[in-house]
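See below for the structure under consideration.
The values are calculated or read from the model by the stated rules, or taken from the named source; none is laboratory data. Since the structure is predicted, the reported quantities are computational estimates derived from the model, not experimental observations. Please note: Cβ atoms are built from the backbone with ideal geometry, for glycine as well, and neighbour counts cover all protein chains shown. Side chains included, ligands, DNA and RNA excluded: accessible areas come from the protein's heavy atoms. Shrake-Rupley method; radii C 1.70, N 1.55, O 1.52, S 1.80 Å.
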Amino acid sequence: SASAKLFTQNVHTRQANVVNYASPKFQNMQVKVAYGMNEPADNTVVKTPVYGGSLEYNDGIFSAGLAFETKESANCTVAACTAATINGNTNARKAILGWKASDALSFSAVLASLDNGLSGASAVSTNPYVVSGTYKNGDYTYRLAYGNSPESNSGRADAFSMYALEVMYSLDKNTAVYGYYSAITNDNAGKAKFEAGENTYATTAGNDPRALGLGIQYKF
């Protein structure tokens with residue numbers, strides 16, 4: 001549907017033609033704001049500008065952040081767009097907490113809120129979260145993460161969860177080898193998948209994709 005398509009215009013995607021401002025750091029805090037014109041490729045599609053900001057804190061042991069982003073929304077062409085056909089704005093909110101317990105152990109948590117600004121059957125909103133931890137023991141580094149996204153509206157059955165485990169072994173100060181395993185569990189209508197860059201593919205609702213990888217990291 002148009003409302004579902006609207007919601008999947010990923011607010012995390014880097015926007016074109018963006019003006020950014022990052023303030024100087026003060027008392028371990030920094031403010032960032034951004035505005036993007038989000039101009040379409042031609043004049044037949046309505047512009048949907050994006051704006052947002054964040055407040056971040058980091059003292060080397062504790063870190064925290066609050067961020068928001070709003071994408072002005074419409075699901076109609078310029079010729080057909082009227083006040084009656086423009087959808088509500090897509091809104092995203094995020095809170096982040098981090099704790100470096102020691103040089104060997106650290107934790108982080110992220111809580112987000114995504115809402116397409118509509119009501120009734122067209123409403124799409126969810127409150128996903130991710131928790132993760134890192135533990136270093138000699139030349140080995142272990143990372144574990146778990147995330148969950150509840151269904152976007154009652155009865156949609158599009159919830160999913162995901163976990164990932166990575167083990168890295170340092171050969172020297174510049175080179176490391178690593179392996180990881182990650183699994184996604186979708187509800188009956190869920191279509192969560194692994195995708196990055198040009199690695200895109202179609203998925204079937206309810207499938208549970210898995211990923212296994214090996215790699216070498218070299219720091220120049």
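Annotations for the structure displayed:
- Residues that are over 13 Å from the mean Cα position of the chain (by Cα), polar (S, T, N, Q) and surrounded by fewer than 16 Cβ atoms within 10 Å (Cβ to Cβ), drawn from segment 126-142: ASN137
- Summed over segment 109-143, residues that are within 24 Å of ALA176 (Cβ to Cβ) and in contact (Cβ under 8 Å) with a residue 40 or more places away in the chain total 0.
- Filter result for the condition that a residue is outside any loop (DSSP other than H, G, I, E, B), closer than 25 Å to VAL50 by Cα, open to solvent by less than 40 Å² (accessible area, probe 1.4 Å) and not acidic (Asp, Glu), over ALA145, ALA112: ALA112
- Members of segment 115-131 that are within 20 Å of LYS193 (Cβ to Cβ) and in a strand (DSSP E or B): THR126, TYR129, VAL130
- Condition check for ARG143: of a type in the set (Lys, Arg) and at pLDDT 95 or above: yes
- Residues of segment 54-97 satisfying the condition of being at pLDDT 70 or above, in a loop (DSSP other than H, G, I, E, B) and surrounded by 13 or more Cβ atoms within 10 Å (Cβ to Cβ): GLU72, ASN89
- Each residue in segment 148-182 was checked for being in contact (Cβ under 8 Å) with a residue 24 or more places away in the chain, in a strand (DSSP E or B) and loosely packed, with under 15 Cβ neighbours inside 10 Å, and 6 pass.
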